[in-house]
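Heads up: the structure comes next, in structure tokens.
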Protein chains: 4
Amino acid sequence: MRELPKTDCNNLLSSMELMSKHIHGVANELEVDNIKKMLADLLNANCIFVMGAGRSGLVAKAFAMRLMHLGFSVYVVGESTTPAVKDNDVVVAISGSGETRSISDLGKITKEIGATLITVTSNRESTLGKLSNTIALIPGRTKEDAGGYLERHMRGEYSHLTPLGTSFEITTLVFLDAIIAELISITGASEDDLKSRHTILE
Amino acid sequence: MRELPKTDCNNLLSSMELMSKHIHGVANELEVDNIKKMLADLLNANCIFVMGAGRSGLVAKAFAMRLMHLGFSVYVVGESTTPAVKDNDVVVAISGSGETRSISDLGKITKEIGATLITVTSNRESTLGKLSNTIALIPGRTKEDAGGYLERHMRGEYSHLTPLGTSFEITTLVFLDAIIAELISITGASEDDLKSRHTILE
Amino acid sequence: MRELPKTDCNNLLSSMELMSKHIHGVANELEVDNIKKMLADLLNANCIFVMGAGRSGLVAKAFAMRLMHLGFSVYVVGESTTPAVKDNDVVVAISGSGETRSISDLGKITKEIGATLITVTSNRESTLGKLSNTIALIPGRTKEDAGGYLERHMRGEYSHLTPLGTSFEITTLVFLDAIIAELISITGASEDDLKSRHTILE
Amino acid sequence: MRELPKTDCNNLLSSMELMSKHIHGVANELEVDNIKKMLADLLNANCIFVMGAGRSGLVAKAFAMRLMHLGFSVYVVGESTTPAVKDNDVVVAISGSGETRSISDLGKITKEIGATLITVTSNRESTLGKLSNTIALIPGRTKEDAGGYLERHMRGEYSHLTPLGTSFEITTLVFLDAIIAELISITGASEDDLKSRHTILE
């Protein structure tokens, strides 16, 4: 019989509460005019391409799957059957720092082709931010985190609760799934429409 | 100049608020004793393997990356250099329904080998649930959703705000990142330790 | 200064010669009528899906890339934006033994949907072989290997030169690239047509 | 009943014959001293990392799988659990032109870290070629192709038989599997040793 770790799981529960508060905080600080621009870009795209490195790349893939379920022509940069980007296409880059080298290199090429570049980032003044036609800004530490829950409960240090890019990656996934909710409303798609495109070979 | 869609982004904001509440609700309903068993399984594993289909598979990969950053020997089922599972290994399956065919087939093989099977699921009585040594139960609709935010704001229908498995997938990502927070606390790892293992070739 | 291994690289050179002879042997034993049926299936497909496990899955992806370059609507089973298979689609399965469990399960689902199943295999009488509408048979040991090069040079044992499924995987890649050559000829595509679809974001 | 395409499959058979001859030609022109250096690099590596874009990336993955079967600590750049490269590691880059931007960028970082860079390429004087500690040169058009089979059978134009990088990609896969054959001989591994590490969860 293995011994259980001596923990009351307080860090686990605090991490989840922190993310819950953070998502609420980000929702309240979103720049709605830019989000509308992003929605227009997606709705008018010939094809949509998504890209990101590491965990941001996984978030990009999760977004692409739902866009496919909604009936968009969508590709993940780096997957096998992804074709060449054309000038009437839209490329969505995901990078918290906006400085991931490989992604900002691809952002430059995107702009040279004449395609539309949307960046989801916490850093408007970054390399990718400055290149972009449209920025969806996902604030890092928000007022909600800073003034509220964390001060009362964590007394300072809490990067161990959402290490490295965790907070950005989760919030971006929630945000992009909320973009899907908005697109469902705009296009009038039903959950059955989505299901009919969901892969059966899995 | 492209016309902006006629929307005030209420579905987008409601979707984010709903997820924020849902994460809070799930945190309050977690079965802490099972989570401790899961932590013990992970800490005592020779190697850890993770698996999931579709978006649950992406969540599995995001978890695996962080386990690698923490110094665990961890592999994603289906990636190129993933070796054979042995009986002193742990396999983490992610499946909301617990019935995803390919994953439950691999769960059976895991048990035949004699390895430990942990399943993260909303469905304790599913095929995968019944096979598992340890279950991390991620409740579907929680009291928090049901009695609170949703009733007041959405008046009934809101599956369009988190279609298909969205709610499970996001909450599971938050939960597994909270498992990472707990493992950081238990092992005493610093964010610098994590950074030192983060890939530079991206 | 690292010491060089004491080898004259004879195994390396023999392995390459063996594969060269084997490809020649397989080309001479192909069942041309079945290949024509496979070409007709591909040319008449609404969408083409490819699948395989392990190294056969990599060969499937390499084939899918070239089909995309040729302008076919093609998807890899398991990638992010792969939609549901419909009854006027074609699924290409790659499995040397024809018995890979996950792939034969997906083959059954393919047939239930009413789509056309092509299997590239060395084993006509396998589970996948029996399910298939069209079989492209890639012979295992061929007369060319058996009577020729190997007997004279290797004196028996040579599975160490092409271990596990190596011989099938390489020959299948060469065969599927030859299918591409045939499709280029039939469709009149130029190398520039292919280049114009080759991803620029890599 | 679908009509069969009007073809005698001559392009298909010629493409396979061409590759068979080309592999034979490359085997005869390999630089054995550099191959021995590559073998020494691999045998002395702490960990091995492989990388390539597009179909070269698939060939890299196929090589990585076999190195894992042989018991090497090996990772694919870009997969989920690939850790940071250290100075006593070896990175194998695959690029026919030696100029693939993303891969040569990663090659530069590899050298800055102080790790050993091996490049498999047709172009010794390329960016990657010049950066590398060890080059495995896979000749493009070889004497065997040029003087032999092609002149007699194809009368000039035959890029449609092996379009884009096809010839390099196939020959590199055969070459790297021959490296595996040589490593099997040097380390004394049996096919059963390889099988014991082959994934069961597929």
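The values are calculated or read from the model by the stated rules, or taken from the named source; none is laboratory data. Note that the coordinates shown come from a computational prediction; the quantities given were computed from them, not determined experimentally. Cβ placement follows ideal geometry from the backbone for every residue including glycine, while neighbour counts extend to all protein chains displayed. What goes into the accessible areas is simple: the full protein's heavy atoms, side chains included, and nothing from ligands, DNA or RNA. Shrake-Rupley method; radii C 1.70, N 1.55, O 1.52, S 1.80 Å.
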(message) Among the residues of the stretch A:168-202, what is the count of those that are open to solvent by less than 30 Å² (accessible area, probe 1.4 Å) and outside any loop (DSSP other than H, G, I, E, B)?
(response) 18
(request) May I ask you to list the residues in the stretch D:29-57 that are under 24 Å from D:T166 (Cα atoms) and out of contact with any Lys or Arg (no Cβ under 9 Å at 6 or more places or on another chain)? (result) D:L30, D:E31, D:V32, D:N34, D:I35, D:M38, D:F49, D:M51, D:G54, D:S56, D:G57
(request) Go through the stretch C:9-24 residue by residue and tally those that are closer than 19 Å to D:D33 by Cβ and of a type outside the set (A, V, I, L, M, F, W, C). (result) 4
(message) Conditions first: (1) closer than 17 Å to C:S20 by Cα; (2) modelled with pLDDT under 90; (3) open to solvent by 20 Å² or more (accessible area, probe 1.4 Å). D:R155 passes all but one, so which condition is the exception?
(response) (1)
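Looking at this structure, is D:N46 over 19 Å from the mean Cα position of the chain (by Cα), more than 8 Å from chain C (Cβ to nearest Cβ) and within 24 Å of D:I184 (Cβ to Cβ)?
Considered against the rule, which asks whether it is over 19 Å from the mean Cα position of the chain (by Cα), more than 8 Å from chain C (Cβ to nearest Cβ) and within 24 Å of D:I184 (Cβ to Cβ), D:N46 comes out as yes.
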(message) Name the single residue that is nearest to B:L201 (Cα to Cα) among those in the stretch D:93-130 being surrounded by fewer than 17 Cβ atoms within 10 Å (Cβ to Cβ) and away from every other protein chain (no Cβ under 11 Å).
(response) D:K111
(request) Report the residue count in the stretch C:2-38 for those that are more than 7 Å from chain D (Cβ to nearest Cβ), part of a loop (DSSP other than H, G, I, E, B) and basic (K, R). (result) 1
(request) Among the candidates A:F63, A:F72, single out the residue that is open to solvent by 20 Å² or more (accessible area, probe 1.4 Å), closer than 25 Å to C:F72 by Cα, out of contact with any Ser or Thr (no Cβ under 8 Å at 6 or more places or on another chain) and more than 8 Å from chain C (Cβ to nearest Cβ). (result) A:F72
(message) Can you say whether C:D87 is closer than 26 Å to D:R66 by Cβ and open to solvent by 10 Å² or more (accessible area, probe 1.4 Å), as far as the supplied structure shows?
(response) no
(request) Provide a single number: the residues in the stretch A:59-78 that are touching a helix residue (DSSP H, G or I) at 6+ places or on another chain (Cβ under 8 Å) and free of Cβ contacts under 8 Å to residues at least 24 places away in the same chain. (result) 2
(message) What's the number of the only condition in (1) modelled with pLDDT under 95; (2) surrounded by 15 or more Cβ atoms within 10 Å (Cβ to Cβ) that C:L12 fails to meet?
(response) (1)
(request) Pull up the stretch C:30-43, narrow it to residues that are open to solvent by 20 Å² or more (accessible area, probe 1.4 Å) and either without any contact (Cβ under 8 Å) to a residue 40 or more places away in the chain or in contact with an Asp or Glu (Cβ under 8 Å, 6 or more places away or on another chain) (or both), then point me to the one that is nearest to D:M16 (Cα to Cα). (result) C:V32
(message) Tally up the residues in the stretch B:131-141 that are open to solvent by 20 Å² or more (accessible area, probe 1.4 Å), in contact (Cβ under 8 Å) with a residue 60 or more places away in the chain and of a type in the set (A, V, I, L, M), please.
(response) 2
